[in-house]
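The values are calculated or read from the model by the stated rules, or taken from the named source; none is laboratory data. Computed from a predicted structure; not experimentally measured. FYI the Cβ positions are ideal-geometry reconstructions off the backbone, even for glycines, and counts take in every protein chain you see. For accessibility, only protein heavy atoms count, side chains too; no ligands or nucleic acids. Shrake-Rupley method; radii C 1.70, N 1.55, O 1.52, S 1.80 Å.
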Amino acid sequence: DLVRNLLREQHADLAELGLSELANGWDNVIYRLGDELTIRLPRRQMAAVLVEHEQRVLPALAERLPIAIPAPVRVGTPALGYPWSWSVNPWLPGSIAAATPFHDSAAEARRLGEFLASLHIAAPADAPPNPYRGHFIGDNTARFHERVEGLRAVPGFDADAALVRWADLVDVDPYTGTPVWLHGDLHPAYVLVDGGEISAVIDFGDVCAGDPATDLACAWSLFQDPRHRALLRTEAGAIEDATWQRAEAWALHFAVTYLAHSADSPTMGTIGRRLLETLSIP
C-alpha cells in the first residue's frame with residue numbers, strides 16, 4: 001500500500017501498473033512494476049545513501065557499458081512517512097548466476113572482462129566514497145582474522161589454510177594508479193543470466209572509485225576454470241600480476257565475509273563455500 005501511494009503521489013502515470021514484491025535483501029526491497037519496470041526502496045538508513053549514489057552515477061555509466069545495468073529512469077523522494085529516496089528502474093530479465101549456469105563460460109568470461117574494461121576508467125574526485133571497497137586489500141587483515149576465527153568451528157572450514165593463504169596474497173604492492181570506477185560488490189547474485197548469457201549486472205549500491213582488483217575478484221566467484229579467469233583478465237585490460245594477486249586476496253576476503261553472514265542469507269553462504277573451493281581452501 002505504501003509503494004502504491006508513493007507512486008500515486010509522485011508518478012501517477014505508473015501508479016496503477018501491476019505491483020508485486022520481487023526480492024527483499026539486507027538493504028533494499030525490490031518490487032516488480034508492470035512488465036518493464038521495478039522499484040528499489042531502501043530498508044535502512046545505511047542503504048539510503050547507496051540508492052542516492054546509484055541515482056547520481058548509473059545513468060552516465062549505462063551509456064557506455066556493454067552489458068545492461070539498472071540505471072534509474074525515475075526518482076522518488078521521501079513522503080507519506082517513508083524517509084528515503086527511492087528509484088524506478090528498468091526490468092532486466094534473467095536469474096542470478098549463483099543459480100543459473102552459463103551456456104559458454106569462456107564466452108561469458110570474455111564479455112564480463114570487456115564490461116570491466118569499460119567500467120574501470122578514471123573516476124572523478126567526487127565519486128561516491130566507500131570505506132569497505134577500493135582500498136588496499138591488506139588493510140582488511142584485522143577484519144579478515146576476526147571473521148576467520150569466528151568461522152573456525154564451521155565443519156570443513158580450514159581456518160589455518162585461509163590465514164596462510166591470506167598472508168601470502170596480501171604480501172603485494174598496493175595500487176598506485178588513478179582510482180577507477182568500481183561496481184564494488186560484483187558476485188554471482190548480482191550478475192543476471194538469461195538464455196545462458198549474462199543479461200545484466202545489478203545492484204550498484206557499493207559503486208565507488210579505487211583499485212580495480214576489488215571487482216576483478218569476481219573472476220574466482222563466477223568462473224571455476226582458471227582458463228576462463230585468464231580470459232576475463234585478458235579482456236579486462238592490462239592487468240598487472242600484482243593487481244591480479246590483490247584480486248585473489250579480495251576473492252578470499254569476500255568468501256570469508258559471505259560465509260560469516262550466511263545465517264540469514266543461504267545464497268551468500270553457498271557463494272562463499274563455492275568460492276573457497278575455487279580458491280582451493282576446504
**OP:** Step through the residues of the stretch 173-180 one at a time and calculate ³J(HN,Hα) from phi using the Karplus curve (6.51 cos²θ - 1.76 cosθ + 1.60, θ = phi - 60°), rounding each to whole Hz and writing x for Gly and Pro.
**Re:** 5, x, 6, 10, x, 5, x, 10
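Tell me the carbon and sulfur percent of the accessible area for the stretch 233-274, rounded to whole percent, probe radius 1.4 Å.
Details: 830 of 1770 Å².
Carbon with sulfur: 47 percent of the solvent-accessible area.
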Subject >> Mean projected area in nm² (Cα convex hull; one quarter of hull surface) for the stretch 1-51 >> reply: 3.7
Original post:
Under 5 Å between amide H atoms, partner at least 5 residues away or on a different chain: which partners does V75 have, H built in plane at 1.01 Å?
Top reply: V88
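From largest accessible area down, sort V49, V180, V164; use a 1.4 Å probe on the protein chains.
Values: V49 60, V180 15, V164 90 Å².
Result of the area sort, largest leading: V164, V49, V180.
How large is the translational diffusion coefficient of the stretch 1-97 in µm² per second when you combine the Kirkwood radius over alpha carbon pairs with Stokes-Einstein at 25 °C and 0.890 mPa s? The partial results should precede the final answer.
On the way: Rh = 13.8 Å.
Approximately 178 µm²/s, per Stokes-Einstein.
For the chain, how big is Rg over Rh, using alpha carbon atoms and the Kirkwood form of Rh? Display every interim value, and only then the final one.
Numbers: Rg = 19.0 Å, Rh = 19.6 Å.
Result for the chain is an Rg/Rh of 0.97.
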Original post:
Between A142 and R64, what FRET efficiency comes out of the Förster formula 1/(1 + (r/R0)^6) with R0 = 30 Å and r the beta carbon distance, rounded to 0.05?
Top reply: 0.20
Subject >> Dipole of the chain [Lys/Arg +1, Asp/Glu -1 at C-beta], most positive-end residue of T178, T141, L19 >> reply: L19
**OP:** Per residue of the stretch 153-163, in order, report the coupling 6.51 cos²θ - 1.76 cosθ + 1.60 (Karplus, θ = phi - 60°) as ³J(HN,Hα) in whole Hz, putting x for Gly and Pro.
**Re:** 7, 5, x, x, 8, 9, 4, 5, 5, 5, 5
Original post:
So, in Å, what gap is there between the alpha-carbon centers of the stretch 201-225 and the stretch 83-117?
Top reply: 11
Original post:
Label D173 and N24 with points 7 Å out from Cα along Cα→Cβ: what is the distance between them in nm?
Top reply: 5.0
Subject >> Helix 266-278 vs. the chain, principal-axis angle (Cα, 0 to 90°, nearest 10) >> reply: 30
**OP:** Note down the magnitude of the dipole of the chain about its Cα centre, charges +1 on Lys and Arg C-beta and -1 on Asp and Glu C-beta and zero elsewhere, to the nearest 20 debye.
**Re:** 280
Subject >> Computed lengthening from S280 to E149, 0.36 nm per intervening residue step minus Cα-Cα distance >> reply: 45.3 nm
Original post:
Which far-off residues, 5 or more places away or on another chain, put their amide H under 5 Å from the one on W84, with H placed in the peptide plane?
Top reply: A79
Original post:
Looking at the stretch 70-196 from every direction and averaging, what is the projected area of its Cα convex hull in nm²?
Top reply: 12.4
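So which trypsin sites (Lys or Arg not before Pro) in the stretch 121-222 are both in a DSSP loop and have at most 13 other Cβ atoms within 10 Å of their Cβ?
Working: sites: R133, R143, R147, R152, R165; in loops: R133, R152.
Hits after loop and neighbour filter: R152.
Using only alpha-carbon positions, what ratio does the radius of gyration of the stretch 127-282 give when scaled by 2.2 N^0.38 Å? Before the final figure, lay out each step's value.
Details: Rg = 14.9 Å, N = 156, 2.2 N^0.38 = 15.0 Å.
After normalising by residue count via 2.2 N^0.38 Å, the value is 0.99.
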Original post:
What's the carbon and sulfur percent of the stretch 70-220's accessible surface, probe 1.4 angstrom, rounded to a whole number?
Top reply: 54
Subject >> With Cα atoms, 0 to 90° folded angle of helix 241-260 axis to the chain main axis >> reply: 70
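Per residue, how many Å² of accessible area does the stretch 13-167 show with a 1.4 Å probe?
Working: 7680 Å² over 155 residues.
Accessible surface, normalised per residue, equals 50 Å².
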